[in-house]
Every structure is written in structure tokens, then in C-alpha cells.
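Q: Pasting a structure below so you can have a look.
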Amino acid sequence: QVQLVESGGGLVQAGGSLRLSCAASGTIYRVNAMGWYRRLAPGKQRDLVAVITSDGTTNYADSVKGRFTITRDNAKNTVYLQMNSLNPEDTAVYYCNAQASTRWFESMSNYWGQGTQVTVSS
């Protein structure tokens, strides 16, 4: 199994910055794409924020382009999300996601972290 542990959420004023981290651990053979999703309100779906492939290709939601930066450390199986110029509309629970396999012969599976709350006050 693969576990994803997130850290770095919290309360920040509008215009401020936060950095989220997510480390994958457990029985890991390979990690492909890693990314961040967010749920803006209970009962709503999780929306893509940013994703990064193992070779460093990135993709961002339009709402965060130019403000958020996703990076990863392949040696540590860790992904980061630097969030700048935060505004109240970014308030959400942020979830880490990873596509990983635990054995060489297994196909990729989708794994999720437990979520970390980000609150931006006006």
C-alpha cells in the first residue's frame, strides 16, 4: 500500500502565501503523476489544482495559473505546492494525489491523502 501524508495547510490573510507538501511512503515501486486537488465546499467534487508528471511536465487549473507552482522531488517521492497571492476563493480542503504501483507487475493505482485545510481570510 501507498500512504500520502500532507502538511503545510493553515490560515493566511489574502495576498499571503502557503506551501503544501505531500510525501508518499509505503511499498512503492513507481510513482507517475502527482498532483493537488481541492474541495471548495462539503459535498462538492474535488477539482484539479495542479499536476506534475515524473518527467516534470505540469498542468494547472486556470484559476491558479501564475500564482501556484507545483514541483516534486522524485528521490523523496514528494510533491509540493507553492501558493502565492492567495485569495478567499482559494479556501478549501486540499488533497494530494498520486498514481503509483507497489510491484513491477502491477498497474498504476490512484492514491489520496487525507486532506489539509487552507483558509484565506479577507
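Q: Per residue, how much accessible area does the chain have with a 1.4 Å probe, in Å²?
A: 53 Å²
Q: Any idea how far the Cα center of segment 1-66 sits from the one of segment 77-122, in Å?
A: Centre-to-centre (Cα) distance: 2 Å.
Q: If you place +1 on the Cβ of every Lys and Arg, -1 on the Cβ of every Asp and Glu, and leave all else neutral, what size is the dipole of the chain about its Cα centre, to the nearest 20 Debye?
A: Magnitude of the dipole: close to 80 debye.
Q: Another question, then. Would you work out what percent of the accessible area of the chain, with all protein chains in place, is carbon or sulfur (probe 1.4 Å)?
A: 47 percent
Q: Can you give the log10 of the normalised intensity I(q)/I(0) at q = 0.17, 0.27, 0.30 Å⁻¹, computed with Debye over equal Cα scatterers of segment 62-102?
A: -0.59, -1.08, -1.19
Q: Given H placed 1.01 Å from N in the peptide plane, which residues other than close sequence neighbours of T91 have an amide H under 5 Å from its amide H?
A: Those qualifying (amide H under 5 Å, at least 5 residues apart or on another chain) are V120.
Q: In addition: Rounded to two decimals, what is Rg over Rh for segment 1-80 when you use alpha-carbon atoms and the Kirkwood radius?
A: Rg/Rh: 0.97.
Q: Can you list residues whose amide H is under 5 Å from G16's amide H, if they're 5+ apart or on another chain and H is modeled 1.01 Å from N?
A: The answer is L86.
Q: List every residue whose amide H lies under 5 Å from the amide H of S54, counting only residues 5 or more places away in sequence or on a different chain, with H placed 1.01 Å from N in the peptide plane.
A: Sorted by chain and number, the residues that satisfy this are A33.
Q: Enter the per residue convex hull volume of segment 26-122, computed from alpha-carbon coordinates, in Å³ rounded to the nearest integer.
A: In segment 26-122, the Cα hull volume divided by residue count equals 107 Å³.
The values are calculated or read from the model by the stated rules, or taken from the named source; none is laboratory data. If you're wondering where the values come from, they're calculated on a predicted model, not measured in any experiment. Note that each Cβ is placed from the backbone with ideal geometry, even for glycine, and that neighbours are counted across all protein chains shown. Just the protein is used for accessible areas: all its heavy atoms, side chains included, with ligands, DNA and RNA removed. Shrake-Rupley method; radii C 1.70, N 1.55, O 1.52, S 1.80 Å.
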